[in-house]
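First up is the structure itself, then whatever we jot down about it.
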Amino acid sequence: MEHYTMNLTLKVWRQKNNNEKGSFETYQVKGISSEMSFLEMIDVLNEQLIVEGKEPIAFDHDCREGICGMCSMHIDGRAHGPWAQTTTCQLHMRQYKDGDTIVIEPWRAAAFPVIKDLAVDRSSFDRIIQAGGYVSINTGNAQDANSLPIEKQKADDSFAAAACIGCGACVAACPNASAMLFVSAKVSHLALLPQGAPERKERALNMVAQMDKEGFGSCTNIGACEAECPKGISLENIARLNREYIGAMFAGDK
Amino acid sequence: MNWNTLFSSSIGKKLQMGLTGIFLILFLLVHCYINAQIFWNDGGQKFNEAAHFMANNPLIRISELGLFAFLILHTVQGLSLYFKNKSKRTQSYKVSAGNATSKWYSRSMAILGTLILLFLVMHLNHFWVPSRITGLETYTFNGVEYHNLYAKMQLQFKDAMVVTIYTLGCISLAWHLMHGFYSAFQTLGLASFKYKSLIKTVGIAFSVLIPLLFAAMPIAFFLDLIK
Ligand code: HEM
Ligand code: SF4
Ligand code: FES
């Protein structure tokens, strides 16, 4: 692919903290390489702002290799930008041409309050995990893998659900700001395995109760979450969570 | 048992939507079958007989009460969920994904439902109220007294305005079902790997065929295709 450079106009959401109102600021960046990642482009802008004596833009990032889930940015109306199954850190500037204008917003959801600029507080996800996204087994020697046979299909489905990186793009993309895709991935990857089965009912009930308490919306099966998820988490997990939950709701032993 | 979660949790409320939605779908099927009797073009005798049966069978009259209750629950819960969900994003996006990540009709269930509701008020006023409450013209055939609902249809559907509104009502219903049919099965947890494409296909067929048949009724009367 041919290398080129570009000049861009960026409209970035600036907000001091959660108590103050935010607004968009317009910036120009010059000489951006088509081989940069999107975050590197923001780094260039931030250096420029520091040199000018201005406040750099706060944004979350950590691994910059698509696995930590921190790089929350809503770019031109799309969670993590326009590429399918891609986090912001893996979006590259070859997507853009010279003269483009890019609008960058934080995840917008009542349950993800803005900390500053593009950084939002996603600890509501941590509290959902604390409510049941674990297996309570006493540790000891790891047993022989062959003593717990697991069907290939179930192992694969569980693994696919476990790929969720907790980034919150599903919430950001959902018109209802619902966290069902995230919760369904976390419930599924445990419920499908024998280790997770003993606590499956409590897990579904407790995690959903925490999800509701945190102020996420309810799922109306719109499907924008699946379209924006960087890890390809499927809506079938939401069907499974509904089965788990309805089963637990009417179970005689709980 | 955690029955209370049926009323307190988000999934419980969704379950109410899904179950009442499926009940309404079953009702549409029966309603459409009965009304399609007008297409015999026999001056409405078969249709009036079917309507007579529906009006006089005690089991059906009891289900009718259930139907009203479920329709009200579906409407109240649906609109309440809609406004609650709206409140979960206090600051809206300047640029939103729109049709790039979802279908417009999936995002428009509340407005489509409200259009259906407005249509229903008019529709009940045209047929249900006279037939059950204020009274309709009757006639006797083979010693049985029938309400002439058929004549009432003929009269109502002479009016181009009424026919237009009925057609728009059917179009709203079609789009509501285009999302709703699949969505209800997803809510019940049934739209999983094996059945998803089957449910989607049946859903699309149902959402097109049933409203089309319904819309064909006022249009056929208006164009004098049935007498
Ligand atoms: C004969 C008429 C109707 C039928 C057959 C019908 C059917 C359905 C079905 C099958 C669903 C999907 C449920 C789910 O996702 O689990 C649904 C959802 C919905 N309906 Fe209706 N409906 C009808 C009338 C109405 C009316 C009058 C309203 C009132 C405003 C309404 C509002 C809604 C809303 C807001 C939803 C989305 C709720 C959600 O997903 O949380 N519907 N409908
Ligand atoms: S389900 Fe997908 S979009 Fe949602 S938190 Fe997990 S990885 Fe992110
Ligand atoms: S920074 Fe870790 S996924 Fe993007």
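The values are calculated or read from the model by the stated rules, or taken from the named source; none is laboratory data. Quick caveat, the model's predicted, so the values are computed rather than measured. Quick reminder, even Gly has a Cβ in these numbers, built from the backbone with ideal geometry, and neighbours come from all protein chains shown.
Candidates in segment A:75-88 are the residues that are more than 9 Å from ligand 3 (Cβ to nearest atom) and of a type outside the set (A, V, I, L, M, F, W, C); of these, the one that is nearest to residue A:41 (Cα to Cα) is A:81.
Answer yes or no: is there a residue in segment B:27-40 that is in contact with a helix residue (DSSP H, G or I) (Cβ under 6 Å, 6 or more places away or on another chain), within 17 Å of residue B:113 (Cβ to Cβ) and away from chain A (no Cβ under 14 Å). Taking every residue of segment B:27-40 in turn, at least one turns out to be in contact with a helix residue (DSSP H, G or I) (Cβ under 6 Å, 6 or more places away or on another chain), within 17 Å of residue B:113 (Cβ to Cβ) and away from chain A (no Cβ under 14 Å). For segment A:1-28, give me each residue that is more than 19 Å from residue A:54 (Cα to Cα) and in a loop (DSSP other than H, G, I, E, B). Answer for segment A:1-28, where residues must be more than 19 Å from residue A:54 (Cα to Cα) and in a loop (DSSP other than H, G, I, E, B): A:1, A:2, A:3, A:4, A:18, A:19. Suppose the filter is at positive phi, within 16 Å of ligand 3 (Cβ to nearest atom) and either surrounded by fewer than 24 Cβ atoms within 10 Å (Cβ to Cβ) or in the same structural domain as residue A:78 (by TED's automatic domain parsing) (or both); does residue A:166 pass it? Here the answer is yes, as residue A:166 does meet what is asked. Checking the structure you have, find out if any residue of segment A:179-198 is modelled with pLDDT of 95 or more, touching a Lys or Arg at 6+ places or on another chain (Cβ under 6 Å), part of a loop (DSSP other than H, G, I, E, B) and within 16 Å of ligand 1 (Cβ to nearest atom). Among the residues of segment A:179-198, not one is modelled with pLDDT of 95 or more, touching a Lys or Arg at 6+ places or on another chain (Cβ under 6 Å), part of a loop (DSSP other than H, G, I, E, B) and within 16 Å of ligand 1 (Cβ to nearest atom), which makes the answer no. Annotation note: of A:163, A:155, A:169, the sole residue that is among the hydrophobic types (A, V, I, L, M, F, W, C) and within 11 Å of another protein chain (Cβ to nearest Cβ) is A:169. From the list A:247, A:232, A:140, the one residue that fits, being assigned to a loop (DSSP other than H, G, I, E, B), in contact (Cβ under 8 Å) with a residue 12 or more places away in the chain and among the small types (Gly, Ala, Ser), is A:232.
Residue B:85 satisfies every condition listed in (1) crowded, with 18+ Cβ neighbours inside 10 Å; (2) away from chain A (no Cβ under 12 Å); (3) touching a Pro at 6+ places or on another chain (Cβ under 8 Å) except (2).
Among the residues of segment A:43-74, those identified as within 16 Å of ligand 3 (Cβ to nearest atom) and touching a strand residue (DSSP E or B) at 6+ places or on another chain (Cβ under 8 Å) are A:57, A:58, A:59, A:60, A:64, A:72, A:73, A:74.
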